[in-house]
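Student: Pasting a structure here, questions to come.
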């Protein structure tokens with residue numbers, strides 16, 4: 001933590017103490033002489049910090065001295081920021097906004113404390129005494145002035161996170177053996193069996209499971225798949241719910257586990273199913289039996305990949321003689337470090353580094369997580385041999401290993417800049433398997449005052465936060481959450497590392513050691529988190545009344561928490577405890593069943609971040625408007641919140657307001673548009689009146705962001721109103737534009753196109769676009785603008801008058817395309833093929849309820865994996881050049897489709913045909929030789945003669961389902977053929 005003091009805190013303090021605003025405040029309070037003494041003391045201490053940061057690795061007294069200095073830095077910060085807050089309150093009372101803004105501009109927001117005038121000098125004397133003690137101890141410890149070496153571009157962002165299959169070295173033997181087990185349908189007494197991956201933390205169990213989960217051969221073998229991160233909380237209900245969502249795509253609520261598992265059983269019945277249970281810690285067989293109940297309905301050959309560090313449960317289930325996943329071989333580990341450090345898979349072109357690389361790999365013991373972390377550290381050294389030697393010879397390798405914390409990870413942490421160390425240490429508040437959002441974490445860092453910049457502004461702090469996050473991610477301190485690229489998680493060993501470096505400044509109450517042994521140190525802690533429980537009693541936190549210096553009071557959770565789950569917090573915590581914590585800057589009480597926020601919330605005048613999301617509050621007290629420092633207010637999912645306080649505009653420093661999924665009406669929110677720097681996140685805007693230009697009021701929300709749905713656009717009577725909304729400056733990630741489903745005569749086709757044309761958002765953020773019930777004949781050009789570089793999901797539905805589709809093939813990142821209910825479209829051709837490379841990224845495409853559609857001419861869809869055509873009663877011709885990656889094809893309700901021209905479908909594994917002509921079936925089986933599952937319903941013209949011709953091409957089909965094809969009298973010509981077909 002030494003460098004935290006060196007740069008992350010002391011640098012900020014120096015700037016504050018030297019600022020004109022602070023000098024004015026100190027002079028007014030008569031303490032300017034004391035402030036100058038502090039500056040001199042800090043200068044003396046700063047000179048020896050480089051020496052101290054090296055010696056703390058092996059010297060506990062130096063480490064203690066540095067921690068004492070950090071506490072002192074916190075205390076000074078509290079006092080300075082308390083003076084600023086006092087000045088802001090005074091100026092706000094006198095309505096002198098100019099002076100208030102000047103003070104805010106000159107002094108960066110950090111931590112807070114409000115010091116009564118009567119004890120100002122007492123506190124200053126105490127700090128001066130501590131300074132003197134630290135200076136004396138500095139001499140006793142023999143700390144010397146040492147020039148800190150120049151940073152070697154430590155914060156340079158790496159070009160790639162390299163998290164893909166090509167970055168995995170070795171494991172080919174293990175992978176092939178496990179694939180064989182997954183594809184083997186040998187009888188084991190039940191329909192499913194377990195494929196274990198057992199090994200120590202960081203050895204690559206999850207990475208190997210991901211390889212298997214995404215393996216093409218495996219994907220074609222299983223009909224349904226699901227991935228669940230289990231961790232140490234084996235919650236059968238939560239795990240079953242995630243599995244249900246994965247296999248159905250539905251998010252339903254269930255009153256109890258029985259109803260959930262009954263529904264899950266119905267979806268799994270007779271389906272070959274692959275489940276990954278990642279990071280299992282439970283040893284309880286009863287929990288296991290409860291979970292797997294629905295799996296007995298699966299088809300034979302279903303598999304469960306289980307990754308675990310412990311083999312007790314597997315032994316109890318009869319899986320003995322388990323093979324442990326070993327560390328990488330020396331050669332593979334050398335290749336891996338070369339790949340991550342140099343971008344090549346060997347040292348042939350970097351012979352001077354080879355010896356150092358081999359030595360480092362040996363010290364990592366072949367553990368992949370450690371090798372990758374060190375490799376990414378060395379990537380920042382640009383092949384500098386001295387830097388490689390410095391890493392190899394580091395003292396950290398010689399220290400006793402703390403629990404399971406790998407020295408290589410400690411070394412990787414040690415290489416971080418001071419500010420990145422502080423940001424990473426803050427993540428020690430997160431429990432293992434905690435899923436976090438990038439934007440949310442940046443807001444927390446900002447609230448804590450960690451994102452310091454020499455020219456502070458909200459935009460520079462946000463940018464610095466994003467860059468810091470990306471740097472930590474690129475160095476493997478963070479990684480993407482399984483099956484959710486939008487969220488992040490820390491590996492267990494990285495979480496252990498964060499906990500070890502956080503020391504006595506951070507307390508996470510889910511840690512048993514901290515629960516039992518550290519409460520006597522409550523006065524010292526600055527940041528605290530706890531895991532939500534169904535009932536949180538006051539007794540759990542009663543002792544925290546002593547924690548007067550606490551800045552963070554944060555509720556967290558493990559894994560995904562369902563929105564319907566209820567957690568209850570004692571009212572005494574709100575009314576009795578929180579007022580005793582005057583320095584709080586972050587207060588997160590989301591997802592607790594809180595119906596009322598006490599008036600005392602207004603005494604936490606230094607609060608920067610307040611989250612009451614998914615609580616039961618109906619309103620906020622007026623006193624919340626006294627939180628002059630408040631930057632972020634999260635009210636997402638407060639479905640009883642109907643109004644905001646009358647004096648809400650007093651929150652001049654509010655920058656982020658999240659009111660998604662609340663009943664707050666658009667008109668209620670219009671007035672807060674006066675807060676010009678406010679970034680507001682809504683979920684839905686419902687236009688209510690035809691007589692007023694409601695949509696134009698959106699011009700006031702310059703910082704509208706995130707996901708938004710605008711409903712009732714048919715009420716916009718003039719495109720000028722839409723133009724005034726200034727959508728081109730809205731940096732939205734998801735946009736849904738909705739007109740009425742009713743196409744009455746007064747709907748003006750030209751007007752609706754002009755309105756839609758004015759609603760083009762900013763290009764650089766949009767990932768999802770939905771257009772529903774638009775009444776124009778054609779779409780404006782922006783809908784398929786290739787400048788939407790990040791647009792991945794497009795849905796166009798209910799646009800019944802449209803006669804053509806936009807040229808969506810031009811969108812470079814489009815992965816999913818859903819077209820539904822466009823009755824006027826007769827021919828799909830150039831719109832979906834494009835002029836050059838069509839759909840370079842498209843993986844899923846669906847057409848439904850296209851009543852007027854007759855012909856489709858396409859060229860190449862290089863990445864398309866799933867295609868669905870449903871309820872297109874007039875479709876007669878489909879001509880597509882090639883679909884090399886198509887894995888799943890469904891055609892349903894296209895009775896007149898007779899001309900189907902396709903080249904080979906080499907990857908097609910699953911085919912479903914419903915209410916189609918037999919000619920479609922004949923055409924497809926001739927070009928799809930790899931189909932292993934075929935399902936046909938109500939195929940017209942399908943008789944014994946036609947079926948025999950089809951049967952000739954079904955050599956590899958493993959599963960065949962036939963419904964309502966009554967003209968087929970004989971499925972097989974002979975018993976031999978029947979036996980071959982299974």
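Any read-out appearing in this document is the output of simple, stated calculations on the displayed coordinates, not a laboratory observation. These numbers were taken from a predicted model, which means no experiment stands behind them. Glycine also receives a Cβ, built like all others from the backbone with ideal geometry; neighbour counts cover every protein chain displayed.
Student: Using Cα atoms only, what is the angle between the long axis of helix 351-363 and the major principal axis of the chain, expressed in degrees (0 to 90) to the nearest 10?
Tutor: So the inclination is approximately 80 degrees.
Student: I've got another one for you. Using Cα-Cα distances under 8 Å and only pairs 6 or more residues apart, what relative contact order does the chain have, in percent?
Tutor: Values: 1987 pairs, mean separation 53.6, N = 982.
Relative contact order for the chain comes out at 5 percent.
Student: Something else about it: Provide the packing ranking of 782-790, 632-640, 125-133, i.e. peptides ordered by the mean count of other C-beta atoms within 10 Å per residue, highest first. It would help to have the intermediate numbers written out before the result.
Tutor: Details: 782-790: 17.3, 632-640: 19.8, 125-133: 14.1.
Top of the packing list down: 632-640, 782-790, 125-133.
Student: With contacts defined as alpha carbon pairs under 8 Å and 6 or more residues apart, what's the relative contact order of segment 171-316 in percent? Provide the component values of the computation, followed by the final result.
Tutor: On the way: 235 pairs, mean separation 54.4, N = 146.
Taking the mean separation of contacting Cα pairs over the length of segment 171-316, I get 37 percent.
Student: Return the percentage of antiparallel bridges among DSSP beta bridges fully within the chain, rounded to the nearest 5 %.
Tutor: Details: 5 of 119 bridges.
In the chain, approximately 5 percent of DSSP beta bridges are antiparallel ones.
Student: Helix 368-379 versus the longest principal axis of the chain: what is the Cα-based angle in degrees, 0 to 90, to the nearest 10?
Tutor: The helix 368-379 is inclined about 70 degrees to the chain.
Student: Let me ask something additional. Just for the Cα atoms in segment 171-316, what are the lengths along the principal axes, largest first, rounded to whole Å?
Tutor: 44, 31, 29 Å, listed from the longest principal axis down.
Student: Can I ask one more? List 306, 521 from most exposed to least, where exposure is judged by having the fewest other Cβ atoms within 10 Å. Kindly include the intermediate steps, with their values, before the conclusion.
Tutor: Details: 306 24, 521 13.
Fewest to most other Cβ atoms nearby, the residues stand as 521, 306.
Student: Would you mind getting me the FRET efficiency between residue 568 and residue 250? Use the beta-carbon distance for r and R0 = 45 Å, nearest 0.05.
Tutor: Values: r = 28 Å, r/R0 = 0.63.
With a Förster radius of 45 Å, E is 0.95.
Student: Shifting gears a bit: How many angstrom lie between the C-alpha centres of segment 190-260 and segment 683-762?
Tutor: 41
Student: If you project the alpha carbons of segment 875-982 onto the principal axes, what extent comes out on each, in Å, largest first?
Tutor: Sorted largest first, the three principal extents are 38, 26, 18 Å.
Student: Note down the nm distance, to one decimal, between modelled labels 7 Å out along Cα→Cβ at residue 599 and at residue 795.
Tutor: Once both label points are built, they end up 4.6 nm from each other.
Student: For residue 283, put the label point 7 Å out on the Cα→Cβ axis and report which residues of segment 316-334 keep their amide N under 12 Å from it.
Tutor: Only 316 pass the distance filter.
Student: Using only alpha-carbon positions, what ratio does the radius of gyration of segment 859-910 give when scaled by 2.2 N^0.38 Å? Kindly include the intermediate steps, with their values, before the conclusion.
Tutor: Details: Rg = 11.1 Å, N = 52, 2.2 N^0.38 = 9.9 Å.
After normalising by residue count via 2.2 N^0.38 Å, the value is 1.12.
Student: Taking the Cβ-Cβ separation of residue 896 and residue 688 as r and a Förster radius of 45 Å, what is the calculated FRET efficiency to the nearest 0.05?
Tutor: Values: r = 44 Å, r/R0 = 0.98.
Between residue 896 and residue 688 the formula returns 0.55.
Student: Calculate I(q)/I(0) for the chain by the Debye formula, one identical point scatterer on each C-alpha and no solvent, and give its log10 at q = 0.05, 0.08, 0.09 Å⁻¹ to two decimals.
Tutor: These q points yield log10 I(q)/I(0) values of -0.37, -0.94, -1.17.
Student: Taking 45 Å as R0, compute the FRET efficiency from the Cβ-Cβ separation of residue 145 and residue 543 and round it to 0.05. Please list the in-between numbers first.
Tutor: Values: r = 42 Å, r/R0 = 0.94.
Here the calculated transfer efficiency is 0.60.
Student: Separate question: For the residues 434, 535, what sequence is obtained by ranking on other C-beta atoms within 10 Å, fewest first?
Tutor: By the 10 Å Cβ count, ascending, the order reads 535, 434.
Student: Another question about this same structure. Order by neighbour count: 179, 686, 76, fewest other Cβ atoms within 10 Å first, most last. It would help to have the intermediate numbers written out before the result.
Tutor: Numbers: 179 17, 686 14, 76 25.
Fewest-to-most Cβ neighbours within 10 Å comes out as 686, 179, 76.
Student: Against the empirical 2.2 N^0.38 Å scaling, what ratio does the C-alpha Rg of segment 585-741 come to? Before the final figure, lay out the partial values.
Tutor: Values: Rg = 16.0 Å, N = 157, 2.2 N^0.38 = 15.0 Å.
With N residues counted in segment 585-741, Rg over 2.2 N^0.38 Å equals 1.06.
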